[in-house]
1. Name the single residue that is nearest to Glu208 (Cα to Cα) among those in segment 71-91 being modelled with pLDDT under 85 and surrounded by 16 or more Cβ atoms within 10 Å (Cβ to Cβ).
2. In segment 60-103, what count of residues is obtained for those that are part of a loop (DSSP other than H, G, I, E, B), touching a residue at least 40 places away in the same chain (Cβ under 8 Å) and farther than 30 Å from Ile155 by Cα?
3. Scanning for something buried (at least 22 other Cβ atoms within 10 Å of the Cβ) and of a type in the set (Phe, Trp, Tyr), does segment 146-162 turn up at least one residue?
4. Could you list, in sequence order, all residues of segment 157-179 that are closer than 24 Å to Asp115 by Cα, outside any loop (DSSP other than H, G, I, E, B) and free of Cβ contacts under 8 Å to residues at least 40 places away in the same chain?
5. When residues of segment 36-57 are filtered for being part of a loop (DSSP other than H, G, I, E, B) and modelled with pLDDT under 85, how many remain?
6. Name every residue in segment 190-204 that is free of Cβ contacts under 8 Å to residues at least 12 places away in the same chain and either surrounded by 13 or more Cβ atoms within 10 Å (Cβ to Cβ) or in a strand (DSSP E or B) (or both), in order of residue number.
7. Would you check if Thr128 is among the hydroxyl-bearing types (Ser, Thr, Tyr) and closer than 19 Å to Val233 by Cβ?
Amino acid sequence: MNATEVTAKLFVKEGGIPTSLSVTELMAKTKSITYSSDGSPTGTNILSSGPTDYTKDPSSSEADMKLVVLSRMYRAFAKVTVTVNSSVASGNFKLIDTKPVIMSNVPKATRLYDDDSTYPTISSPLSTNFYTEEIPVSGITLGDKEGVFYMAENIRGTGLATTAQEKNKKDMGPGAGGSLEGCTYLLVRGQYQYPLGGGAYSSPIDVEYKFYLGGDLVTDYNIYRDYHYKLTVNIAGPNSADLRVTITNGNVAVFDDVDNVENTVNFGEEK
């Protein structure tokens, strides 16, 4: 059994792979994704490709022909690598001990292939098709070790923001009325101490830095399969962070302009 057949069997029920499927039927095939307590998902080895159009030549005299198709296979997951650094004076900032970096609004299933349509659909409640709880990005230590997270594609579209600061605002999102519903975000959580002078510090305050992911830092909320999103978060203070994004796929490297993201401290819902 080849890799394509192994992947196909993940998307069909018992009884074997049908001899023919329409495009609509193919697009209805999905594979549920589950995450362990450390943020590791199932199914990261899934490969797939879109359908290949073929029309048999009616003038052919061959009753039975063997058709050979060469098609590029795509990973059904996006890879997100996260690094967190800090330019705050030593001892003034640290990541919290439990789940310091999490992802939320992560799709619960992947479809067989991408047809550029919005996916997954938004249902009520949102948790029908998305993990709205906190999924950890494990292995991160401040200024040292990066964390890796895998997720199914989340195609949400583009929003209305004109600056990076506006990307977190719910009336600037890609959904109806500027909604951010279903858009995947990264949350970095830590504790900050203000220097009081004379070697004294304030009691630690909890701080959170939220970043909505996508193809750029302003309007794009799409996370595509087979892409690698490299995120570097530089903590500059209790209400300031700089996010740098590099996005690559198998053929093209895209280097976004560096943006300074001045995020206010977020203690709850999107502003």
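The values are calculated or read from the model by the stated rules, or taken from the named source; none is laboratory data. Computed from a prediction, not measured in an experiment: that's the story for all the values here. FYI the Cβ positions are ideal-geometry reconstructions off the backbone, even for glycines, and counts take in every protein chain you see.
1. Restricting to residues being modelled with pLDDT under 85 and surrounded by 16 or more Cβ atoms within 10 Å (Cβ to Cβ), the top hit is Val88.
2. 6
3. Yes; the residues of segment 146-162 include at least one that is buried (at least 22 other Cβ atoms within 10 Å of the Cβ) and of a type in the set (Phe, Trp, Tyr).
4. Initially, segment 157-179 is screened for residues closer than 24 Å to Asp115 by Cα, giving 157-160, 173-176, 178-179.
Now narrow it down to the ones that are outside any loop (DSSP other than H, G, I, E, B): 158, 176, 178.
Ala176, Gly178, listed by residue number.
5. 13
6. The answer is Leu196, Gly197, Ala200.
7. Working: among the hydroxyl-bearing types (Ser, Thr, Tyr): yes; closer than 19 Å to Val233 by Cβ: no.
Considered against the rule, which asks whether it is among the hydroxyl-bearing types (Ser, Thr, Tyr) and closer than 19 Å to Val233 by Cβ, Thr128 comes out as no.
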